[in-house]
Amino acid sequence: MAVSGLATAILAVVAIPVFYGVVKLAGLIIRARRFYKILAPVPSEPMHWFWGHLHLLPGANEEGLAYYRQKARRFPVWTVSWLTPLLPSVVMKVPRILRPVLKSQEPKPSFLAYEWLKEWLGDGLLISKGKKWARNRKLLTPAFHFDILKPYIQVYNEGADKLLHKMSQCAETGERLELFSNISLATLDILLCCAFSYENDIQEKGESHPYVHAVSEMQDAMMHRVLTPWLHLEWIWRLSPTGRKFKKNCKYVHSVSEEIIRKRRETLQEEGSNKKRARYLDFLDILLTAQDSDGQGLTDEEIRDEADTFLFEGHDTTASSISWNLYSLAEHPEVQQRAQAEIDALLDGREDQTVTWDDIHNLPYLTMCIKEGMRLHAPVPFVQRELSKDMEIYGVTLPRGLLLDLHLYTLHHNPTIWDNDMEYRPERFSPENIEKMDPFAYLPFSAGPRNCIGQNFAMHEQKVVIARILHRFTLSTDPTHTPRKKISLVMKAEDGIYIKLTPR
């Protein structure tokens, strides 16, 4: 009798999740069939019965990017891409399709990469939706007001000074410099000082800094999971070596942000009402003191989520942009010389050679170079949205729950918008050309209500760091190495981005 009861219990334990899985699979099949009919007017490549379209992507690499560019020539407006036959996404590539989506407050998807990122970034601005997103966006917007950003110029210069010291050592020995690892340390150093008034010897520790390493591994893990269908299942992911390493890295990056927040709370308590005026108000000050109309501030969990989000978005995306911009300048000496002439006109004769707040608004050609670099290399290759309600676009009523892929890399290489899209031409962003440009043709920081809250911070930082480097050095490519792009949450390189430095 006892054996029979035990067998029944075991059967129940096994049967319940199996039944749940069957019901869920049936629901996905019914949903996919409905979407397939609705999306019939949207062009698409032939679909594999098991892989969907995943098998057509050569990889998260240069070949994958070439595939996206080639696909943009075949389907320049939009197309359906099936991540397995159960999960369609509509890939959008032109302004008239992107505009209605980005002007709305459609949320980030509640499944796949954004949902998986919650373990790392929590429910911060990147992932949150609805009333919570609207409330927290409003609370955090003051952190990026120009009055707050203006004092950060000093921090950008201090971070650039440390980077220039390392570059000088490299130039003296004639060694090539790997950009992404060194720039990433510099942008993290700058971000920690600006956002959290947290000073550390990050740049001095070199490429082995554990935070930078952990963030890089977690990005690659997310991309690997997206492209590996069986890892979409949570229990398989948890048991996989990549999933276990991801969890370990999450714990570490959380410990970094928690330590920063803990130290700031202690400082505020010690100083109390006698707190001396800081040299600048930072992001963490606003996180800790912000209150909504009901007098409610952010919870401890919300503070950590926003800190983790800003730590990632604020350093790695900017590092990608600066690194690829510097490489493009090294590839094009005539462009580099013109940018240097503009910078020299401002900085020559100054004792400290730092870039001021006024200077960043008087570097029009360098700004054109940075914008063209972000177009060509797309530091953030793609973003996604999930429709919260039916939306008619281009004569097709897209259903609620549909995943929308906003391919920024493909948009920035769409031949119907950009002629000779693989050429580096800063003049594309001259004032007269910008005046004629559709505002939704160029979206390095996305657009609409869910655009990048820190875009001014990022642009100012890029101008200061790149201007300081070009004023000190002439850049050239390493003839023995050509970088190969790697698609991750940000645009990286498979085997580094190397340049040579010549003191000026």
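The values are calculated or read from the model by the stated rules, or taken from the named source; none is laboratory data. Here the structure is a predicted model, which means the values were calculated and not measured. FYI the Cβ positions are ideal-geometry reconstructions off the backbone, even for glycines, and counts take in every protein chain you see.
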| Do you know which of the residues in the stretch 479-496 that are surrounded by 17 or more Cβ atoms within 10 Å (Cβ to Cβ) and out of contact with any His (no Cβ under 9 Å at 6 or more places or on another chain) is nearest to PHE146 (Cα to Cα)? | VAL490
| request: Out of the residues in the stretch 45-66 that are more than 23 Å from GLY27 (Cβ to Cβ) and over 27 Å from the mean Cα position of the chain (by Cα), state the one that is surrounded by the fewest Cβ atoms within 10 Å (Cβ to Cβ). | output: PRO46
| Selection within the stretch 188-226 - part of a helix (DSSP H, G or I) and either of a type in the set (S, T, N, Q) or outside the structural domain of VAL464 (by TED's automatic domain parsing) (or both) | GLN203, SER208, SER216, GLN219
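Condition check ((1) under 27 Å from SER488 (Cβ atoms); (2) at pLDDT 85 or above) across all residues:
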| residue | (1), (2) |
| --- | --- |
| ALA290 | no, yes |
| SER293 | no, no |
| ILE322 | yes, yes |
| ALA330 | yes, yes |
| request: Filter the stretch 100-126 down to residues that are of a type in the set (Ser, Thr, Tyr) and assigned to a loop (DSSP other than H, G, I, E, B) and give me whichever is farthest from VAL253 (Cα to Cα). | output: SER104
| remark: Looking across the stretch 379-391 at residues that are part of a strand (DSSP E or B), under 16 Å from the mean Cα position of the chain (by Cα) and touching a residue at least 60 places away in the same chain (Cβ under 8 Å), the single one that is surrounded by the most Cβ atoms within 10 Å (Cβ to Cβ) is ARG385
| query | For the stretch 82-96, how many residues meet the condition of being under 14 Å from LEU404 (Cβ atoms) and within 22 Å of the chain's Cα centre (by Cα)? | reply | 7
| query | Which one is surrounded by the fewest Cβ atoms within 10 Å (Cβ to Cβ), of the residues in the stretch 227-258 that are of a type in the set (Ser, Thr, Tyr) and in a helix (DSSP H, G or I)? | reply | SER255
| task | Output the qualifying pairs, or none if there are none: Cβ atoms under 7 angstrom, residues six or more apart or on different chains, first residue in the stretch 78-99 and in a loop (DSSP other than H, G, I, E, B), second residue of a type in the set (Ser, Thr, Tyr). | result | LYS93/THR410; VAL94/THR416
| If you check ARG31, ARG69, which single one turns out to be surrounded by 13 or more Cβ atoms within 10 Å (Cβ to Cβ), part of a helix (DSSP H, G or I) and not assigned by TED's automatic domain parsing to the domain that holds TRP230? | ARG31
| Members of the stretch 339-352 found to be over 19 Å from LEU501 (Cβ atoms), among the charged types (D, E, K, R) and modelled with pLDDT of 95 or more, listed by number | GLU342
| Verdict on VAL90 being in contact with a helix residue (DSSP H, G or I) (Cβ under 8 Å, 6 or more places away or on another chain) and aliphatic (A, V, I, L, M) | no
| field | Where a residue in the stretch 395-410 is at positive phi and in contact (Cβ under 8 Å) with a residue 12 or more places away in the chain and its partner, wherever it lies, is assigned to a helix (DSSP H, G or I) and of a type outside the set (D, E, K, R), with Cβ under 9 Å and at least six apart | value | GLY401/PHE35
| message | So, ILE260, is that one without any contact (Cβ under 8 Å) to a residue 24 or more places away in the chain and over 28 Å from SER476 (Cα atoms) or not? | response | no
| task | May I ask you to verify whether GLN462 is surrounded by 20 or more Cβ atoms within 10 Å (Cβ to Cβ) and not small (Gly, Ala, Ser)? | result | yes
| note | Pairs returned, first residue in the stretch 22-40 that is under 15 Å from THR84 (Cα atoms), second residue that is of a type in the set (Phe, Trp, Tyr), beta-carbon separation under 7 angstrom, 6 or more apart or interchain, are none
| If you go through the stretch 8-58, how many residues are at pLDDT below 70 and over 23 Å from LEU233 (Cβ atoms)? | 1
| The one condition in (1) over 26 Å from TRP357 (Cβ atoms); (2) surrounded by 16 or more Cβ atoms within 10 Å (Cβ to Cβ) that LYS132 fails to fulfil | (2)
| request: Go through the stretch 445-494 and give me each residue that's of a type in the set (Val, Ile, Thr), touching a Gly at 6+ places or on another chain (Cβ under 8 Å) and more than 28 Å from LEU102 (Cβ to Cβ). | output: VAL465
| note | Flagged pairs (Cβ under 6 angstrom, 6 or more apart or on separate chains; first in the stretch 356-378, in a loop (DSSP other than H, G, I, E, B); second hydroxyl-bearing (Ser, Thr, Tyr) and crowded, with 20+ Cβ neighbours inside 10 Å) are ALA378/TYR409
